[in-house]
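The values are calculated or read from the model by the stated rules, or taken from the named source; none is laboratory data. These numbers come from a predicted model, not from an experiment. We place every Cβ from the backbone using ideal geometry, glycine too, and count neighbours over all the protein chains shown. For the accessible areas, the whole protein counts, side chains as well, though only heavy atoms, and no ligand, DNA or RNA atoms are used. Shrake-Rupley method; radii C 1.70, N 1.55, O 1.52, S 1.80 Å.
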Amino acid sequence: MKDHLVLFMPSGKRGRFPVGTSVLDAARQLGVYVESVCGGRATCGRCQVSVQEGNFAKHGITSADDHLSPVGPKEERYDRVRGLPGGRRLSCSAQILGDLVIDVPQDTVINAQVVRKAADERVFDRNAAIRMCYVEVEEPDMEKPLGDLDRLKAALAQDWHLDELDVDFHLIPKVQQILRKGEWKVTAAIHKDREDDRPRLIALYPGLKNEAYGIACDIGSTTIAMHLSSLLSGRTVASAGTSNPQIRFGEDLMSRVSYVMMNPDGREAMTVAVREALNGLIDKVCAEGGVSRADILDSVFVGNPIMHHLFLGIDPTELGGAPFALAVSGAVQVKSAEIGLPMSEGTRTYLLPCIAGHVGADAAAATLSEGPHRQDEMMLMVDIGTNAEIVLGNSTRVVAASSPTGPAFEGAEISSGQRAAPGAIERVRIDPVTLEPRFRIIGTEQWSDEPGFAEAAMATGVTGICGSAIIEVIAEMYLAGIISEDGVVDGSLMERSPRILQNGRTFSYLLHDGEPRITVTQNDVRAIQLAKAALYAGVKLLMDKQGVDHVDRIGLAGAFGTFIDPKYAMVLGLIPDCDLTKVKAVGNAAGTGARMCLLNRGYRREIEETVTRIEKIETALETKFQEHFVAAMALPNKVDAFPNLATVITLPERRAIADATGDGGRRRRRSRD
Ligand code: FES
């Protein structure tokens, strides 16, 4: 009998199969991932596909619905009981009768779930480390002395090719009861991470258990973000975040390491604090998603090296100074219950590898998400926190470093700085002629010079300047000529505008004359210059290592990256010159990378391999850091040109103003975070 050509979309994998092959078998043979829990019994509904009808000349395929066998009794029963969306077929039942283009939908929703679409929701190919395998086990027989567990293993070997199955010990005392409860029909949760791992039975359920969940979590030093996803459909069913309670032990990372060094119980206290917060978040996402905690079978965590160590209960003291030795840099696989996160008894936790002692699993996850290592263009990725993690590379070579930017970008060290909250100024424009500002605050749509602003702002007041606006206001001050390229506030402008105020030997700019009075002082400008120069110098070191004088693409990660306007970041010289259309906020890229590893173990292998190839640069040891830093103190930069930026904005003529502060842009090295 003639074989038929079958093309699977979106993977594009294709092959020829004899008439009568089930679509599920064809997919399996080609390595196309199609979920199945019931093992082809047409009861789980996980294996749904649809036919793309038409003439696909490029592939030489004419595809039609009737190139699949007609709906049989099993499929009909499933449709009657559970309902099949229009055009969907069960691939375990539908057989190939002719050439086909088969669509494997990425959103096979079985139970109606409350689906919350996170901003960074992307659909990924699935190949989770957990599989749910339904089997029917032979009943005990006096003639055959094989134990209940052994007959379960035999059934799993026969139906699912799970030979040499390991079994978590906690299940052994429960097997008999579960088998009897399910009347010899059970669903086994099988964990298998690496290809050469033996499969392991980690949970067992009576009857058909047609769902399994996992969590992906980014433990930031300031905030923790968690997503709860279905391991079978890939959907994110709930997301939640909370602030990291370790803040009470120290605002930045270095102070948390100091806390551990000074207090005998410090490490323990911080481990307990973060695990408590994580348990609270697990409860929260479970409540929001209507999911039982015991149904979470896998979890992936990322964090910077100090968060990673404290979470695992490892003393981070070694990370406090050179050579920044990690206790473990490779990926970690552990039972969740062993690290204080009880879910199902067999639930596993996977932590991505750390890149270096100061570039963590969060940067690895962001790399995985944005994929500089997968593209030809030279991509710069910057995650700006109190410590900036920087990755630069392409498919040939990737280098990484961290730069001690300090907390200025988060509003700390800035006289009117504050965290992003209602009432905080988030956008600023300054008229270069009158030097009058207009601004917008979080929670109010109107600009400050528009009708209705005063009434709308009444609820919150105008309370301070958040991180993204600090970038804007200083960039706008520069563009309006209020500060020079050296960052000096021009006191001579007092004659022109009442907004220029004198404070002893220096000057400041009055942004809002209210309660509180919001000004940008000379010290504020200096703090931002120091922070941006540290970041830029780190970027330049990586560009030196790569031997490039420009980058093709920039990804700004994290909350800060989401809210800053790339144009203003470039005016300040925070990031190097680049085509502005290729500068993008990439959101919580670390969280996205964690979710990728949760849903597809192939991504775990990809990042593990990539991290071994990433070259780590220690900025503190590089002699050129200081030189780059000094040049980067200027706006946008003393030596580097910004030709792309110049096409969209006219930068002021270079001019010098006497530096009244006397600190001349002296560099202060900050503590690491
Ligand atoms: Fe379960 Fe097809 S594999 S319905």
- Item | Stretch gain in nm, segment Asp125-Arg16, where the contour uses 0.36 nm per residue and the Cα spacing is subtracted | 37.0 nm
- By per-residue mean of other Cβ atoms within 10 Å, what is the highest-first order of 560-568, 61-69? 560-568, 61-69
- The FRET efficiency for Arg517 and Gln375, from their Cβ-Cβ distance with R0 = 41 Å and rounded to 0.05, is 0.30
- Task: Quickly work out the Lys144-to-Glu445 label distance, labels modelled 7 Å from Cα along the C-beta direction, and quote it in nm with one decimal.
- Result: 7.1
- Label-point gap, in nm, between Arg438 and His59 - each point 7 angstrom along Cα→Cβ: 5.4
- quick note, the chain, DSSP beta bridge pairs, % antiparallel (nearest 5) is 70
- Task: Compute the convex hull volume of the Cα atoms of the chain, divide it by the residue count, and report the result per residue in Å³ as a whole number.
- Result: 193
- Task: For Ala641, put the label point 7 Å out on the Cα→Cβ axis and report which residues of region 504-541 keep their amide N under 18 Å from it.
- Result: none
- Item | Segment Asp265-Val71, length gained on full extension (0.36 nm per residue, minus Cα span) | 63.3 nm
- Based on DSSP, what percent of beta bridges with both residues in region 206-357 are antiparallel, to the nearest 5? 60
- Could you tell me whether region 337-442 comes out rounded, prolate or oblate from its Cα gyration tensor? Rule is a ≥ b ≥ c as square roots of the eigenvalues, rounded for a/c under 1.5, then prolate if a/b exceeds b/c, otherwise oblate. oblate
- Task: Report the GluC sites (Glu not before Pro) located in region 602-653 that are in a DSSP loop and have at most 11 other Cβ atoms inside 10 Å of their Cβ, or state none.
- Result: Glu653
- Query: Counting only protein heavy atoms, what percent of the accessible surface of the chain is carbon or sulfur at a 1.4 Å probe?
  - Reply: 51
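Over the chain, with the other protein chains present, what is the accessible area per residue in square angstrom, probe 1.4 angstrom?
40
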- Message: Could you check the spin-label model distance between Val81 and Asp544? Points 7 Å from the Cα along Cα→Cβ, value in nm.
- Response: 6.8
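Which of the three applies to region 402-533, rounded, prolate or oblate, going by the alpha-carbon gyration tensor with a ≥ b ≥ c and a/c under 1.5 meaning rounded?
oblate
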- Which value, in debye to the nearest 20, describes the size of the charge dipole of the chain about its Cα centre when Lys and Arg Cβ atoms bear +1, Asp and Glu Cβ atoms bear -1, and nothing else is charged? 460
- Extension gain Glu318-Arg180, at 0.36 nm per residue separation less the Cα-Cα distance, in nm? 44.4 nm
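For region 256-372, what does the alpha-carbon gyration tensor say about shape, rounded, prolate or oblate, given a ≥ b ≥ c as the root eigenvalues, a/c under 1.5 as rounded, and a/b over b/c as prolate?
The shape class here is oblate.
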